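Everything below concerns the one structure shown next.
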Amino acid sequence: MSVTRINPPTLAKPSGFAHATRWRDMVHLAGQTALTPDGTIVEGGIVAQFRQALSNVLTALTAAGGRPEHLLSVTIYLLDIPDYQANGKEIGRIWRELAGTDYPAMAGIGVTALWQPEALIEIQAVAALD
């Protein structure tokens, strides 16, 4: 069985990567920032960017045949950990709204920069389908 590369048309067109790759029941989801389909980063701070980045991850997961409860692990890369923590209740509410309460293993990692200079957050994940 070969690897399937998945690039949903509702996400910004990838250049040099795939939004998701699937091999058997495993799906690796590329790091997603708050990039809109037209190639711009959502304005409005960490909460708005979290919503868009998570939505992008879930769009790629759905295109690969998965659902939020299939997420095994999620890594969140952050430019400003204290800002994320200060908005944790709202971010948690958005997670539950979009992904439910079947929480995967998670890590939050502080970084000095992301690919797009306007990005405050990037979310990468791995899922296993039924």
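The values are calculated or read from the model by the stated rules, or taken from the named source; none is laboratory data. Quantities reported herein were computed from a predicted structural model and do not represent experimental measurements. Methodologically, a virtual Cβ is constructed for each residue, glycine included, from the backbone with ideal geometry; neighbour enumeration extends over all protein chains shown. Just so you know, the surface numbers come from the protein's heavy atoms only, side chains and all, with ligands and any DNA or RNA stripped out. Shrake-Rupley method; radii C 1.70, N 1.55, O 1.52, S 1.80 Å.
Test of the criteria: in the range 2-111, which GluC sites (Glu not before Pro) are in a DSSP loop and have at most 13 other Cβ atoms within 10 angstrom of their Cβ?
Those that pass, being in a loop and sparsely packed, are Glu43.
As a test of the formula, what do you get for the chain when each DSSP H run with n ≥ 4 contributes -39,500 (n - 2.57) and the sum is divided by the residue count, at 222 nm and rounded to the nearest 500 deg cm²/dmol?
-9000 deg cm²/dmol
Taking the chain as the reference, fit the longest principal axis to its C-alpha atoms, fit the long axis of helix 45-63 to the helix C-alpha atoms, and give the angle between the two in degrees, 0 to 90, nearest 10.
For helix 45-63, the angle is close to 0 degrees.
On a 0 to 90° scale, report how tilted helix 88-99 is relative to the longest principal axis of the chain, with both axes built from alpha carbons and the result rounded to the nearest 10.
That works out to roughly 20 degrees.
Scan around Leu129 for amide H atoms under 5 Å from its own, H built in the peptide plane at 1.01 Å from N, and keep only partners 5 or more places away or cross-chain.
Residues meeting the criterion, in which the H sits 1.01 Å from N, are Met26, Val27.
Give a quick list of trypsin sites (Lys or Arg not before Pro) in the range 1-66 that DSSP marks as loop, anything other than H, G, I, E or B, with at most 10 other Cβ atoms within 10 Å.
Here the trypsin sites (Lys or Arg not before Pro) that fit, given the DSSP loop and packing criteria, are Arg24.
Explain nothing, just the number: dipole magnitude of the chain about its Cα centre with +1 on each Lys and Arg Cβ and -1 on each Asp and Glu Cβ, in debye rounded to the nearest 20.
320
Probe radius 1.4 Å, ligands and nucleic acids ignored: give me the carbon and sulfur share of the accessible area of the range 85-124 as a rounded percent.
Here carbon and sulfur together make up 54 percent of the probe-accessible area.
Work out how much length Tyr103 to Ala86 would gain on full extension: take 0.36 nm times their residue separation and subtract the Cα-Cα distance, in nm to one decimal.
Gain on stretching Tyr103 to Ala86: 4.1 nm.
Just to be sure I understand, if you calculate Rg and Dmax of the Cα atoms in Å for this structure, which of (i) 14.1, 39; (ii) 13.9, 45; (iii) 16.4, 60 do you get?
Evaluating Rg and Dmax of the Cα atoms in Å on these atoms matches (ii).
Show me 118-129, 77-88 ranked by packing, highest mean number of other Cβ atoms within 10 Å first.
Final packing ranking: 118-129, 77-88.
Counting only protein heavy atoms and a 1.4 Å probe, tell me what percentage of the range 1-65's accessible area is made up of carbon and sulfur.
Looking at the range 1-65 in its full context, I get 54 percent from C and S.
Keeping every protein chain present and rolling a 1.4 Å probe, give me the accessible area per residue for the chain in Å².
About 54 Å² of surface per residue is accessible.
Pull up all non-local amide H partners of Gly108: gap of 5 or more, or a different chain, and H-to-H distance under 5 Å with H placed in the peptide plane.
Sorted by chain and number, the residues that satisfy this are Ile76.
For Phe17, put the label point 7 Å out on the Cα→Cβ axis and report which residues of the range 36-74 keep their amide N under 12 Å from it.
Under 12 Å, as judged by backbone N against the label point of Phe17, lie 57 of the range 36-74.
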